[in-house]
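Notes follow the structure.
The values are calculated or read from the model by the stated rules, or taken from the named source; none is laboratory data. Note that the structure is a prediction, hence the values are computed from the model and not measured. Heads up, the Cβs are rebuilt from the backbone with ideal geometry, glycines too, and the neighbour counts pull from every protein chain shown.
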Amino acid sequence: MKKVFVFKTSVRTSKQIRFASRILAAIDSVLRVDFDPEDCDRIVRIESNKEIATKVINLFKANGLNCEELV
């Protein structure tokens, strides 16, 4: 079953989007990623068939980016 996870991030630039996309590509259950750096919360939406919130948050933080799940 697919689920969409929504996160508030610190991703602002196209360089950071490319970097974060590479980080997320390492998670095998990620099916789709959509960044919205123009949004006030710099949203990233991630479609996955597994629970990935904790893994995404930890990967972002380990790479110097802020990330928190919006529920």
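Would you confirm whether or not region 52-62 contains a residue that is modelled with pLDDT of 95 or more, out of contact with any strand residue (DSSP E or B) (no Cβ under 8 Å at 6 or more places or on another chain) and aromatic (F, W, Y)?
No, region 52-62 has no match at all.
Would you confirm whether any residue within region 53-60 is without any contact (Cβ under 8 Å) to a residue 12 or more places away in the chain and not aliphatic (A, V, I, L, M)?
Within region 53-60, one or more residues are without any contact (Cβ under 8 Å) to a residue 12 or more places away in the chain and not aliphatic (A, V, I, L, M).
Going by the structure shown, is R42 of a type outside the set (F, W, Y) and surrounded by fewer than 15 Cβ atoms within 10 Å (Cβ to Cβ)?
No: the conditions fail for R42.
Results for (1) exposed (fewer than 15 other Cβ atoms within 10 Å of the Cβ); (2) basic (K, R); (3) on the phi > 0 side of the Ramachandran plot; (4) part of a loop (DSSP other than H, G, I, E, B), shown as yes or no for each residue.
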| position | (1), (2), (3), (4) |
| --- | --- |
| R12 | yes, yes, no, yes |
| D28 | yes, no, no, yes |
| D34 | yes, no, no, no |
| K50 | yes, yes, no, yes |
| I57 | no, no, no, no |
| G64 | yes, no, yes, yes |
| E69 | yes, no, no, no |
